[in-house]
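Colleague: Below is a structure I'd like to ask you about.
We did not get these values from a lab; they are worked out from the coordinates using the rules stated. Treat the numbers as computed from the prediction; the structure is a model and nothing was measured. We place every Cβ from the backbone using ideal geometry, glycine too, and count neighbours over all the protein chains shown.
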Amino acid sequence: WQQRALIWCVLLSAWEAAWGQLRYSVPEEMPKGSFVGDLAKDLGLQLPAFRERGVRVVSESKMQYFSLHGQTGHLVTAERIDREQLCPLVEKCVLRCQIIVEGEMQVYGIEVEITDINDNAPSFREAETELRLSETTAPGSRFPLRDAQDPDSGQNSLQSYELSGDDHFSLAVQSDSGGDRRPELVLAKALDREEAAFHELVLKASDGGEPARTGTARIRVSVLDANDNAPVFSPAEYTVRVPEDVPVGSVLITVTATDADEGVNGNVKYSFHKISDRASEIFHLDTQTGKISLKDELDFEEIKSHQLEVEGRDRGALSDTAKVAITVTDVNDNAPQLLVRSALSEISEDALSGTVVALLHVQDRDSGANGQVRCSIAETLPFRLEKTFEDYYRVVTSRELDREEVSEYNVTVRASDGGSPSLWSSAVLSLRVLDVNDNAPVFAEARYSARLPENNAAGALVLTVRATDADWGQNARVRYRLAEGRVRGAPLSSYVFHKISDRASELFHLDSETGEIFLKDNLDFEEINSHELEVQARDGGGLSDTAKVLISVTDVNDNVPDL
């Protein structure tokens, strides 16, 4: 069957792209690494681009059933998949996951139908059953038998029953409204305890697979003295609705069958006639009282309803059955899950409004209003949410950023459901704003001035100019230099005597890092009594500012009179 499954995988794996949705199908029980679909082809990506754009598979389920083959761009199975374990009691088994294309902040939905193979044989919960019938039982009487279970679906599920072993009995198969086949033992000939006290029968169940699988149960009929009244359930069908948070041990419903006989023949005992494996772990039936109680927690998100059949049997082995429908109602017991699928850690302050900084996925396992989720971001932050594919959201900038105002953001995204009281969860996105050189240096003063006596010694500090830059790093590093100076109000370059400009350049020194102006040589009031300098401050990005510096020279009595 695995060879046929491989052929089916190739033939059935097809896709359709509609609203960003890809669909494939693959048989269950395929080996790990089996081909599911050609994602690179179906997404229209060449293999180099497929690898470079950071394509990956994500899923909200705990188990990852699919992965990407990096060399081929194929979607392949990551685990062997058992359809019956994964999708019990479900006709169509569909697994969902998403493809995230990191480079494009794009998401695609994928649905993979897990098709059934005939890997399970029909089986009876009890390999041996004993019936106790009165010898006065009328021919034509019918007795419900425990049905077989086959977790496969469609033609691979249970299809027929056969009875062998004794001509006193025949088999009738009834089909209920849900399509289930229920075997009944029919008494074909009158019983005679003195002729035969026991009858040994074999009930065989077959599915419709190729080849068919079968299961058997032995039936031992004990012939008893007369018991002429069977138990009767009233009503024949019971229904009850219970919230999923009902405590373990609670009694959910009581079924009752009455028997008109007296004594031990009227004593009715109860048992589950038809129950799924999971339901048998959840519900307990008191054989004496008919009370159905809870022995394990209910979970609406796991199973929303349970269909049971209860049998009431008297001491003479006469019986009746009743159906019990238990509907589980949802309570708000699951908080929304907020998952960060992709996010930036830094962004330039000149990024355009609308730049995507994160891709989020939100989900809530509850239903109705309890499962309706609303996401929000504080209105004071320069970010907003945009809904994209199904339950995916993008976090985008809502305006231009300014690193000099805020250099780092911790953006809290909150997801709240519609339950009462509402449950919520949150995710924090840390985003650092990168600097651009959008601020020029600024001098603390537009004009600086100082007065020095002409006999001041070389090396003396004249004054300090200071410029600041609001940017960061290299963009904020300021260096100083002297522009053209002026002597007696005229530019140095206008002087005919070069020795004067040379002299002025030798008088002052500007420290390019600190902005300190020092005296390099002695001043001479009689030669030049004032100096006007222009200082330029330039940052690492090339932006600059200038300031004027006026230095006045004061006279001291350093010359004797000439006769």
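Colleague: For K548, which lysines qualify as cross-link partners when the Cα separation must be under 28 Å and same-chain residues fewer than eight apart are set aside?
Modeller: Partners found: K499, K520.
Colleague: So what's the back-of-envelope 222 nm ellipticity for the chain, counting only DSSP H runs of four-plus at -39500 (n - 2.57) apiece and dividing by all residues, rounded to 500?
Modeller: Using -39500 (n - 2.57) per qualifying helix, the result is -2000 deg cm²/dmol.
Colleague: Once the Cα gyration tensor of the chain is diagonalised, what are the square roots of 5 times its eigenvalues, in whole Å and ordered largest first, as equivalent ellipsoid semi-axes? Don't skip to the end; give the middle numbers.
Modeller: Values: eigenvalues 1817, 141, 41 Å².
The equivalent ellipsoid of the chain has semi-axes of 95, 27, 14 Å.
Colleague: Still on this structure: Please list the non-local residues whose amide H lies under 5 Å from the amide H of N456, H modeled 1.01 Å from N, same-chain partners needing a gap of 5 or more.
Modeller: Residues meeting the amide H criterion: L523.
Colleague: Picking from N118, L39, A190, whose Cα lies most toward the positive end of the charge dipole for the chain (charges on Cβ: Lys, Arg +1; Asp, Glu -1)?
Modeller: Towards the positive end, the residue furthest out is L39.
Colleague: Length gain on complete extension for the stretch S59 to S422, per 0.36 nm per residue less the alpha carbon to alpha carbon distance?
Modeller: 128.2 nm
Colleague: Name the chymotrypsin sites (Phe, Trp or Tyr not before Pro) in the stretch 41-149 that are in a loop by DSSP and that have at most 16 other C-beta atoms within 10 Å, would you?
Modeller: Answer in residue order: no site qualifies.
Colleague: Between E194 and R218, what length in nm is gained on full extension when 0.36 nm per residue of separation is reduced by their alpha carbon distance?
Modeller: Computed gain between E194 and R218 is 6.4 nm.
Colleague: For the pair L47 and S164, what calculated FRET efficiency results from E = 1/(1 + (r/R0)^6), where r is the Cβ-Cβ distance and R0 = 60 Å, to the nearest 0.05?
Modeller: Details: r = 61 Å, r/R0 = 1.01.
E(calc), rounded to 0.05, equals 0.50.
Colleague: Using the per-residue mean of other Cβ atoms lying within 10 Å as a proxy for protection, in what order, highest first, do the peptides 34-41, 554-561 fall?
Modeller: So the peptides 34-41, 554-561, ranked by packing, come out 34-41, 554-561.
Colleague: Alpha carbons only, please: Rg and Dmax for the stretch 53-177, in angstrom.
Modeller: Here Rg and the maximum Cα pair distance are 23.9, 81 Å.
Colleague: Between helix 498-507 and the chain, what is the angle of the helix's C-alpha long axis to the longest principal axis, kept within 0 to 90° and rounded to the nearest 10?
Modeller: Here the helix axis deviates by roughly 50 degrees.
Colleague: Based on the Cα gyration tensor of the stretch 232-329, what are the three equivalent ellipsoid semi-axes, each the root of five times an eigenvalue, rounded to whole Å and given largest first? Show your work: numbers first, answer last.
Modeller: Values: eigenvalues 142, 27, 24 Å².
In descending order the semi-axes read 27, 12, 11 Å.
Colleague: Determine, for each peptide in 324-335, 506-517, the mean count of other beta carbons within 10 angstrom over its residues, then list the peptides with the highest first.
Modeller: Ranked from most to least packed, the peptides come out as 324-335, 506-517.
Colleague: From the alpha carbon gyration tensor of the stretch 367-410, can you work out the equivalent ellipsoid semi-axes (sqrt of 5 times each eigenvalue) and give them in Å, largest to smallest?
Modeller: 28, 11, 7
Colleague: Rank-order 544-551, 202-209, 145-152 by packing density, defined as the average count of other C-beta atoms within 10 Å over each peptide's residues, highest first.
Modeller: With the highest mean Cβ count within 10 Å placed first, the list reads 145-152, 202-209, 544-551.
Colleague: Restricting everything to alpha-carbon atoms, can you work out Rg to Rh for the stretch 21-115 with a Kirkwood hydrodynamic radius?
Modeller: Answer for the stretch 21-115: 0.97.
Colleague: Compute the signed sum of charges (Lys and Arg +1, Asp and Glu -1) over the other residues within less than 14 Å, Cβ to Cβ, of E184.
Modeller: Around E184, the surrounding residues sum to -2.
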